[in-house]
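Have a look at the structure below, then the notes.
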2 protein chains.
Amino acid sequence: MATLDPIETLRRVPFFSVLPREELQALASHCGVRRLSRDETLFTEGDPCEGLYVVQSGGIKLFKMAETGREQVLVIERAGSTVGELAVFDGGAYPASAAAIEDSTLLYLPKREFLELCRRNSAVSFAVIRALAWRFRYMASLVEELSLKEVSHRLARFLRDHAVASGLRTRRGIEFPLEETNQEIAAAIGTVRDLVSRNLRRFVDRGIIKMERRKVIVLDMAELEAQIAGSKRAATVEK
Amino acid sequence: MATLDPIETLRRVPFFSVLPREELQALASHCGVRRLSRDETLFTEGDPCEGLYVVQSGGIKLFKMAETGREQVLVIERAGSTVGELAVFDGGAYPASAAAIEDSTLLYLPKREFLELCRRNSAVSFAVIRALAWRFRYMASLVEELSLKEVSHRLARFLRDHAVASGLRTRRGIEFPLEETNQEIAAAIGTVRDLVSRNLRRFVDRGIIKMERRKVIVLDMAELEAQIAGSKRAATVEK
DNA sequence: CCGCAACGACGACTTAAGTCATCGCGCCAG
DNA sequence: CTGGCGCGATGACTTAAGTCGTCGTTGCGG
């Protein structure tokens, strides 16, 4: 594979894209390249933070791991996104672990350079804040799901997001490949792989989706959305 | 109650405390005052964002609500903290609802002034980033708990945090008042009030804590910490 | 090309979470 | 001062989540 242009990679990051080309170039000159094989660890929760990573190609998952081995994925970042930048700012260790979900190439930017840039360039700082605001919003949704929704609702949202992001509209419905294993889906939505299998089967039985091996065809998007809107059986107000 | 000095309130906010007094004064001149009774709503999830609030006195909870009425509290903010600032930056609606957990007084800062300040003062922007980094870290912990830990582990962490924050070390153990109802605790740790009661009883039965009405005495902090370290019964790796 | 491990599926089972009804107590509003 | 409501506690029950064993399939590394 041809070497990717680090300047073009940096330009894809929202808070670097505000920089003129010369500054991107200067920044790129400080960057190292880090290559990871699939499943290789980038950093582990609690590791001291030395800098941030920019995904050039592939994908990186941020995740928390229980001592039983069960994982909760916080987010998956792909090309043009950053990983590990929060620990740069508050001087703490990494709050979660990161690993490659496929062979990946990342740029590594030492924290000193990044901090310097943010201090002297308020447009960058400002764009960083915007990125963090978005992340918080996303995390708030994840908290809501994990606390207030059942596994079937969370799986429905997962499928809907995939349909929206990469679905192909056909006469049968919206088709998309399910590229993750049930284990990976379980880690994303906060359950175990048996329940992913069981709930997919339930959606098939109800005529909401059809499955052809690992291809999903959404037959009834309205019903899928209705599934998403459901809640756990928890009434703290009178019914 | 005497009127609180808005300049002193603003000074307590980490990302405003970097400002000299004259700038705090100018900022304070743009602030309105908002008073809320206990349980009164500040804003509702989805409301358009007009500005940020600074807590002068009392307490504000940010929370998500299921249609069943069950709540998940994201965070509780007290004097010297801000509420609703994230939506200022990404132009979105409020990602969660906010309400007073007791009679409260807040300063209201229109978003235009706040955005202006961040744009021209990179020390403020920088401090905002730091604050957001901390929030993300906190949210990552909440996600970890909700996904990977059982109710008893989450309650143990709640009690430990209270013991650490406001516990009084006595010969009997660490004593602190449990000021929240079981319902409020349930909303904080992601469960229902019945389970809070039941798990408190379990800790009493195991000699970890003693309860005198709503006062908690931690008899065995080491065991409480051990409770916190536990995980859900989920093994995705062989045992 | 083949063997092995990972994966998907599923049934039977256990456990945790949650519901609901009820009772006693305490506090607050009228 | 009193009545009513909120709260705590608890038992009995239901449901969802999760475990475990097993079988068949698939894909990848040697």
(request) Could you work out, residue by residue across A:62-68, how many beta carbons of other chains sit within 10 Å of that residue's beta carbon, and then give the average as an integer? (result) 6
(request) State the dimensionless ratio Rg/Rh of segment B:1-56 (Rg: radius of gyration of Cα atoms; Rh: Kirkwood radius). (result) 1.01
(request) Between copies, how far apart are the A:Trp134 label points? List them in nm, one decimal, shortest first, with each point 7 Å from Cα toward Cβ, please? (result) 2.5
(request) Compute the separation of the alpha-carbon centres of segment A:197-217 and segment A:107-142 and state it in Å as a whole number. (result) 39 Å
(message) Suppose R0 equals 35 Å. What FRET efficiency, 1/(1 + (r/R0)^6) with r the Cβ-Cβ distance, do B:Val33 and A:Glu45 give to the nearest 0.05?
(response) 0.25
(request) Pop a pseudo-label 7 angstrom from the Cα along the beta-carbon direction at both A:Val204 and A:Thr181 and give the gap in nm to one decimal. (result) 1.9 nm
(message) Just to confirm the filter: which GluC sites (Glu not before Pro) across segment A:64-159 are DSSP coil and have at most 13 other Cβ within 10 angstrom of their Cβ?
(response) A:Glu67
(request) Once you've got the GNM for chain B with C-alpha springs shorter than 10 Å, pick whichever of B:Asp220, B:Asp90, B:Asp47 has the biggest mean-square fluctuation. (result) B:Asp90
(request) On a C-alpha basis, how far is the centre of segment A:1-68 from the centre of segment B:68-99 in Å? Whole number, if you could? (result) 30 Å
(message) Test of understanding: express the Cα radius of gyration of the protein assembly as shown as a ratio to 2.2 N^0.38 Å, with N the residue count.
(response) 1.03
(request) Enter the buried accessible area of the B/A pair, total of both sides, probe 1.4 Å, in Å² rounded to the nearest 100. (result) 4900 Å²
(message) Suppose you put the label 7 Å out from Cα in the Cβ direction; list, shortest first and in nm with one decimal, how far B:Glu225 is from each other copy's label.
(response) 5.1
(message) Using amide H atoms built in the peptide plane, which far-off residues or other-chain residues are under 5 Å from B:Ala79 H to H?
(response) B:Gly58
(message) To make sure I understand the rule: partners must be lysines, Cα under 26 Å from the Cα of A:Lys215, and not fewer than 8 residues away in the same chain. Which ones qualify?
(response) A:Lys61, A:Lys149
(request) Give the calculated FRET efficiency between A:Arg213 and A:Ile7 to the nearest 0.05, with a Förster radius of 30 Å applied to their Cβ-Cβ distance. (result) 0.15
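From the square roots a ≥ b ≥ c of the eigenvalues of the alpha-carbon gyration tensor of segment B:71-139, which class results: rounded (a/c under 1.5), prolate (a/b over b/c), or oblate?
prolate
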(message) What are the membrane-span-like helices in chain B by this rule: whole DSSP H runs, Cα extent along the axis at least 27 Å, mean Kyte-Doolittle hydropathy at least 0.0?
(response) B:122-148
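With the cut-off at 25 Å, report for segment A:101-205 the share of all Cα pairs above it, as a whole percent.
Here the tail beyond 25 Å accounts for 44 percent of pairs.
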(message) Computing the accessible area with a 1.4 Å probe over protein heavy atoms, can you report the carbon and sulfur percentage for segment B:1-73?
(response) 49 percent
(message) Starting from 0.36 nm per residue, how many nanometres of slack lie between A:Ser197 and A:Ser57 once their C-alpha separation is accounted for?
(response) 47.4 nm
(request) Lys and Arg at +1, Asp and Glu at -1: add these up for the other residues within a Cβ distance under 12 Å of A:Gly167 and post the number. (result) +2
(message) Using a 10 Å cut-off around each Cβ of peptide A:145-151, what is the average number of partner chain Cβ atoms that fall inside?
(response) 6
(request) Express the Stokes-Einstein translational diffusion coefficient of segment A:32-127 in µm² s⁻¹, to the nearest whole number, given a Kirkwood radius over alpha-carbon pairs, 20 °C and a viscosity of 1.002 mPa s. (result) 157 µm²/s
(request) Determine the dipole magnitude for the protein assembly as shown: charges of +1 sit on the beta-carbon of Lys and Arg, -1 on that of Asp and Glu, nothing else is charged, the reference point is the Cα centre, and the result goes in debye to the nearest 20. (result) 880 debye
(message) If you count only protein heavy atoms with a 1.4 Å probe, what accessible area per residue comes out for the protein assembly as shown, rounded to a whole Å²?
(response) 47 Å²
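List the GluC sites (Glu not before Pro) within segment A:159-222 that DSSP assigns to loop and that have no more than 15 neighbouring Cβ atoms inside 10 Å.
Sites meeting the loop and neighbour criteria: A:Glu179.
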(request) Would you please report the Å³ per residue occupied by the convex hull of the alpha carbon atoms in chain B? (result) 167 Å³
(message) Taking each residue in B:82-94, count the Cβ atoms of any other chain within 10 Å of its Cβ, then average. What number comes out?
(response) 3
(request) Enumerate the amide H contacts of A:Leu52 below 5 Å, restricted to partners 5 or more residues apart or on another chain; note that Pro and chain-start residues carry no placed amide H. (result) A:Leu109, A:Lys111
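The values are calculated or read from the model by the stated rules, or taken from the named source; none is laboratory data. Owing to the predicted nature of the structure, the values given are computational and were not obtained by experimental measurement. Cβ: placed from backbone, ideal geometry, glycine included. Neighbour counts: every protein chain shown. Please note that ligands, DNA and RNA were not included when accessible areas were found on the heavy atoms of the full protein model with its side chains. Shrake-Rupley method; radii C 1.70, N 1.55, O 1.52, S 1.80 Å.
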